[in-house]
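K.L.:
Handing you this structure, nothing more for now.
What follows is calculated from the coordinates using simple rules that are stated; it is not laboratory data. Being a predicted model, the structure only gives us computed values, none of them experimental. A quick note on method: Cβ atoms are made from the backbone with ideal geometry, for glycine too, and the neighbour counts reach across all protein chains shown.
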Amino acid sequence: MKRIIAPSILAANFLELGKEIEMINQSNAEWIHYDVMDGVFVPNISFGLPVLEQINTIAKKPLDVHLMITDPTPYIIPFKEAGASIITVHYETCVHLNRTINLIKEQGIMASVCLNPHTPVDLLDEILPELDMVLLMSVNPGYGGQTFIESTYKKVKKLRRMIDSRGLKTLIEVDGGVNHNTGKKLFEAGVNVLVSGSYLFKSSDPKQTISDLLSV
């Protein structure tokens, strides 16, 4: 099963953001994870369209945009135009989830749905065949550096069974508390994509840490 590392730039040094992106460009990471927070759906505010547009001018890896906002649908096209290759919306914020997913796919990019730690994977039963990816939060969204929620492993295994039993190619991504130990168990449970922020950017050698995480 293919393994992908997506460094979360929420944990990057914002004063050296260009250099951080260049580091990712030169690393074995395949995606760049970009968290958009509105201070309403989650208790934090991050960055938006102007920063993504600037990152897109130097990024050589696909931009994996996670919209942690209350009403994501009006922002799908603007974020695609700003450079997003993947857009994730939250199940918890989409009243008409099928409509939102279809809008993302109409832009010719990957469509993904995120579930908060308390949201069961069974709720995706009807929409799963339409999804390119499911992002499972393994911490409560809003801040980096949180402790991994152990029940995530069970949730991943259940989602993996749902995907495989239907012959789907939907990817599983996990974000929150990812390090060497949790990453190994997540890959073994059936995860395809690991998002890691603090663990990578606070290490002495982020490029080597990315390579190490891929080979756990």
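K.L.:
Projected onto the charge dipole of the range 4-214 (+1 at Lys/Arg Cβ, -1 at Asp/Glu Cβ, origin at the Cα centre), which of Ala189, Ser112, His33 gives the Cα projection farthest towards the positive end?
P.N.:
Positive-end residue among those listed: Ala189.
K.L.:
What distance in nm separates the simple spin-label points at Asn13 and Ser204, each placed 7 Å from Cα in the Cβ direction?
P.N.:
Here the modelled spin labels are 1.6 nm apart.
K.L.:
So for the chain, taking the charge dipole from beta-carbon charges (+1 Lys/Arg, -1 Asp/Glu), which of Thr100, Leu200, Gly167 sits furthest toward the positive end?
P.N.:
Gly167
K.L.:
Please give the FRET efficiency for Asn98 paired with Glu150, using the beta carbon to beta carbon distance and R0 = 41 Å, rounded to the nearest 0.05.
P.N.:
Numbers: r = 32 Å, r/R0 = 0.78.
After rounding, the FRET efficiency stands at 0.80.
K.L.:
Given the peptides 130-137, 102-109, arrange them by the average over their residues of other C-beta atoms within 10 Å, most packed first. Could you put the intermediate results ahead of the total?
P.N.:
On the way: 130-137: 22.4, 102-109: 16.0.
Per-residue Cβ counts within 10 Å, averaged per peptide and sorted highest first, yield 130-137, 102-109.
K.L.:
What length, rounded to one decimal in nm, is gained on full extension from Ile127 through to Lys105, with 0.36 nm per residue of separation minus their alpha-carbon distance? Walk me through the numbers before you get to the answer.
P.N.:
On the way: separation 22, 0.36 × 22 = 7.92 nm, distance 1.32 nm.
Computed gain between Ile127 and Lys105 is 6.6 nm.
K.L.:
Turning to a different aspect of this structure: Enter the Cα centre distance for the pair the range 69-117 and the range 180-216, rounded to the nearest angstrom.
P.N.:
26
K.L.:
Find out how many positive minus negative residues lie around Asn44, taking Lys and Arg as positive, Asp and Glu as negative, among other residues whose Cβ is under 11 Å from that of Asn44.
P.N.:
Numbers: positive: none; negative: Asp35, Asp38.
The answer is -2.
K.L.:
Could you size up the charge dipole of the chain around its Cα centre, putting +1 on the beta carbon of Lys and Arg and -1 on that of Asp and Glu, and report it in debye to the nearest 20?
P.N.:
Working: 20 positive and 24 negative charges, 142 e Å.
With Lys and Arg at +1 and Asp and Glu at -1, about 680 debye.
K.L.:
With each label point set 7 Å from Cα along the Cα-Cβ vector, what nm distance links Thr70 and Met1?
P.N.:
For the pair Thr70/Met1, the computed spacing is 3.7 nm.
K.L.:
So, one more: At 7 Å along Cα-to-Cβ for each site, give me the label-to-label distance between Glu22 and Lys184 in nm.
P.N.:
Taking the two extended label points, one gets 3.5 nm.
K.L.:
So what is the relative contact order of the chain, in percent, for Cα pairs below 8 Å that sit 6 or more residues apart?
P.N.:
Values: 412 pairs, mean separation 47.2, N = 216.
Here the relative contact order equals 22 percent.
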